[in-house]
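Take a look at the structure below.
Readers should treat all values here as calculations from the given coordinates under stated rules, not as data from a laboratory. Bear in mind that the values here come from a model prediction, so they are computed numbers and not experimental data. Here Cβ is always computed from backbone atoms with ideal geometry, including for glycine, and neighbour counts include all displayed protein chains.
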Amino acid sequence: MGPSQSNLLTNIATVVGICGPLLTAGKSVFLFAKDHSLDRKRRKTIEEISECLNRLHLLEASSSTRDLQLQPYRLQIASDLQVLLADLSTEREKTLLRDVRREQEQESLGIRTWLLLYRPDGLNGWLTQSFFFGTCAALVFILTKMFRERSIDLSEVFSTIVIMVIWLFYARSVSLRHKHIGIVTRRAGIDDPNSDLHWVRRALLLFKPTSVSAFIVHCFFYLFAFDAVALPVQEPISTLWNVMMRVGLLLTAKMFQVDALSRRALKMISDAPAAVARVG
C-alpha cells in the first residue's frame, strides 16, 4: 500500500468515524424535537381545555352570577372550547399518523426509507445508520478531492469509490433488515427471536448460519474481529491511530454481527407460522 493510498484510507476512516455518528445524532435530535413539539402542543391544548371547562363549570355553578349579563362571556368560553377541541383532534390525528408511519417505515419505498430518515432502533440501529451516513460523507469527500486535485490517481480513487458504494448499500440493507425485525416483533407481540441464545453465543456468533450469504457474513465477522485483536502495531502510525484502527475494526465486526443476528431472526420468524399469522 502506497503512502497516498494510506493517506486516503486514513482520511476516509476519519470522515466515516466523525460524520457518521454526528449525522445520525443530528437526524435523531431533529426527529426527537419534532415529536416533542407535537406532544408538547397536545399537552398544552389539553390543559387549556381543562381550564375552559373549569371556567364554564364555575360560571354555571355560581348562583350570584345568574342574573348578570354574562351570556357573551359564556358564549366566548364555549367558542374557545370548540376551537381547542378541534385543535386536539388535529393533533391526535398527527400523532396517530406518526405512529402508523413508524410501523410502516420498512414497507415504504419513499425517500425516508431510501435515505434511512427514520429513528435508529436501539444501539445496533444507531451503529448501522452511522456507517451508512458516514459512508455517504466519505463518498462526498472522495469526489470533492477528485475534482480539486488533478494529480490524483484516478484508478485508485475509482476502486475506492466502488468499494465504498458496495459498503454503502450493504450498510443500508443491514439497517433496513434490523428495522424490519423490530417492526415484526412489535406487531406480533413476540420477544427477540435471538433471545434463546446466550449472550456469549450472540457476541461471538456461535450458531449455525442460516444460508450461504449468512455464512459469508460470519466469515467477515471473524476476519475483522481477528484483525482487531491480532493486527500488528504499525510503527509509523501513532498509538492513538493504532487504537482507533482497532476500534474501527471492532465496530465493523459489530456491523456483521448485527447482520448475522438479523438474518437468524428472520429465519426464526419465517419458521414460526403463528407469529407470521398474527403479523398478517
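So here's what we get for this one:
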{"item": "Contact order normalised by residue count of the stretch 139-258, Cα under 8 Å, 6+ apart, percent", "result": "21 percent"}
{"item": "Potential extension, Lys145-Leu250 segment - 0.36 nm per residue separation minus Cα distance", "result": "35.0 nm"}
{"item": "Point-to-point label distance, Asn54-Phe207, nm (Cα→Cβ direction, 7 Å offset)", "result": "5.4 nm"}
{"item": "Exposure proxy order (Cβ contacts within 10 Å, fewest to most) of Arg55, Arg264, Arg40", "result": "Arg40, Arg55, Arg264"}
{"item": "Inter-part distance where the stretch 200-261 and the stretch 157-173 are each reduced to a Cα centre, Å", "result": "18 Å"}
{"item": "Rough spin-label spacing in nm, given labels placed 7 Å along Cα→Cβ, for Arg112 and Val200", "result": "4.3 nm"}
